[in-house]
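Single-structure report; data block below.
The values are calculated or read from the model by the stated rules, or taken from the named source; none is laboratory data. Bear in mind the structure is a predicted one, so any value in this text is a computation, not a measurement. Cβ placement follows ideal geometry from the backbone for every residue including glycine, while neighbour counts extend to all protein chains displayed. Only protein heavy atoms, including side chains, enter the accessible area calculation; ligands, DNA and RNA are left aside. Shrake-Rupley method; radii C 1.70, N 1.55, O 1.52, S 1.80 Å.
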Amino acid sequence: MKAIPYSRQNINVLDLVTVMKTLKSNLITQGKKNQLFERRISTFTGSKYSLTFNSATSALFAACKALDLGPGDWLWTSSISFVASANCGLYCGANVDFVDIDQKTYNICPNELEKKLIQANFLGKLPKVVVVVHFAGQSADMRRIKLLADFYGFRIIEDASHALGATYYKNNIGSCTYSDICIFSFHPVKTITTGEGGAITTNSLYLLNKMTLFKNHGITRNPDEFLVRDQNEIWNYQLVELGFNFRMTEFQAALGINQLKRMKKFIQRRRKIAQRYNKLLRGLPVILPWQHPDSESSFHLYPIQLGTGESPGRQKYIYEQMRKKGIEVNLHYIPIHLQPLYVNLGFKDGSYPKSEAYFRNALSLPIYPALRFSKQRYICKILDKLLT
Ligand SMILES: *Cc1c(COP(=O)(O)O)cnc(C)c1O
């Protein structure tokens with residue numbers, strides 16, 4: 001039997017034709033497809049502006065830069081995320097710190113955040129930016145986090161790499177109702193894909209312009225933004241600050257436009273698969289992903305916990321046994337603060353007990369639109385055998 005991956009992209013014939021057609025056109029970068037993809041993302045999410053990137057990682061970096069994060073500043077995020085959620089702070093030369101997760105949602109815990117803010121305020125070390133991760137596709141508690149942001153004066157970047165297609169109090173994630181900037185990833189395991197790619201949404205023209213400049217080397221072609229001018233010289237562009245090339249190609253944007261059209265279907269499938277898991281796993285000694293009644297997850301992941309306490313070796317045993325059976329379960333995530341790079345920065349095991357407990361009990365089951373019911377039954381049968 002072929003292995004069952006934990007996630008898998010969905011590419012159809014129309015995607016292939018579209019990419020090929022775009023490759024044959026005159027412009028294969030910096031053309032109309034990127035602009036159209038951006039408009040479609042804004043329309044879907046309900047944001048004023050959107051900007052494509054070559055990855056969500058670059059988008060996070062650009063977002064931090066646009067919010068003027070730099071040396072001496074602090075960026076906070078939660079440790080149960082992909083490393084990029086924290087690395088963007090390091091790219092800017094800022095300090096990174098973590099906030100423990102909520103035991104039920106695995107998102108940043110607003111109570112822990114508030115506790116840490118009170119302390120940081122006392123020490124004069126308040127964060128400039130908090131990166132809020134919508135883990136597995138379920139929104140974090142944005143209302144409370146926004147109240148704290150207004151009180152303590154920090155800015156919010158939503159890392160919605162998991163959450164395209166999710167909602168929070170009926171708003172689509174990406175509307176930036178409670179944040180300055182929201183980031184999406186189009187890596188193949190995410191809701192939709194462009195191979196590699198990402199995008200930001202924002203309602204601030206000021207931030208949009210800063211990020212546009214940053215992703216284009218720091219080059220502007222707008223004469224109003226030129227810093228020097230000599231009527232007798234040819235100045236058709238000017239480098240006004242240091243940026244990068246973080247652009248998405250036209251054929252990727254064309255693929256993204258197609259994928260976005262199918263996104264609702266993808267999400268419906270993912271939600272259905274999650275419901276089936278909920279039914280099939282009922283009665284097993286595992287903790288299922290709890291859902292907040294006012295948010296609808298995009299179910300990028302279906303993370304279960306094999307228990308709550310410490311049970312050395314059990315998680316690894318189940319992980320390995322399932323993989324032997326061709327079920328590519330995964331672990332999301334090793335806490336960022338336990339990665340060697342961060343341990344070298346001074347972070348220690350034991351500092352974020354809920355994140356660490358989750359890490360030592362968690363397992364992500366396969367979830368992707370084409371996952372068949374029969375495969376799900378097989379996955380649950382094997383898990384049942386291993387657990388009981
Ligand atoms: C995938 C992911 C990223 C990085 O996305 P890329 O597009 O691969 O750079 C960042 N944060 C989270 C939470 C992710 O899951």
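A straight line joining the Cα centroids of the range 207-284 and the range 89-110 runs 24 Å. Once the Cβ-Cβ distance between Gln275 and Asp224 is put in as r, and R0 is 56 Å, what FRET efficiency do you end up with, to the nearest 0.05? Efficiency, from the Cβ-Cβ distance: 0.55. Stokes-Einstein diffusion of the range 208-313 at 37 °C, 0.692 mPa s viscosity, Kirkwood radius from Cα pairs, rounded to a whole number: 171 µm²/s.
Using the Cα gyration tensor of the range 242-388, with a ≥ b ≥ c the square roots of its eigenvalues, what is the shape: rounded (a/c below 1.5), prolate (a/b larger than b/c) or oblate (neither)? It comes out oblate by the Cα gyration axes. Its convex hull of Cα atoms gives the range 251-302 a direction-averaged projected area, equal to a quarter of the hull surface, of 4.6 nm². Oblate is the label for the range 37-139. Its Cα gyration tensor axes, ordered a ≥ b ≥ c, give a/c of at least 1.5 and b/c at or above a/b. Using a 7 Å offset from the Cα along the Cα-to-Cβ direction at both Tyr378 and Trp290, what is the distance between the two label points in nm, to one decimal? It is 3.4 nm. Just tell me which lysines come within less than 17 Å, Cα to Cα, of Lys316; anything on the same chain fewer than 8 places away is out. Straight-distance partners of Lys316: Lys324, Lys325, Lys385.
For the residue pairs Lys190/Lys261; Lys2/Lys261; Lys115/Lys210, the C-alpha atoms sit more than 25 angstrom apart in Lys2/Lys261; Lys115/Lys210. Solvent exposure of the chain amounts to 47 Å² per residue of accessible area, where only protein heavy atoms count and the probe is 1.4 Å. Helical content alone sets the calculated 222 nm signal of the chain at -12000 deg cm²/dmol, taking -39,500 (n - 2.57) per DSSP H segment of four or more residues and averaging over every residue. Applying 1/(1 + (r/R0)^6) with r as the Cβ-Cβ distance of Lys324 and Leu239 and R0 = 45 angstrom yields a FRET efficiency of 0.25. The ratio of the alpha-carbon radius of gyration of the chain to the globular-protein estimate 2.2 N^0.38 Å is 1.02. Note on Leu386 and Lys21: with the Förster distance fixed at 51 Å, the Cβ-Cβ geometry gives a FRET efficiency of about 0.60.
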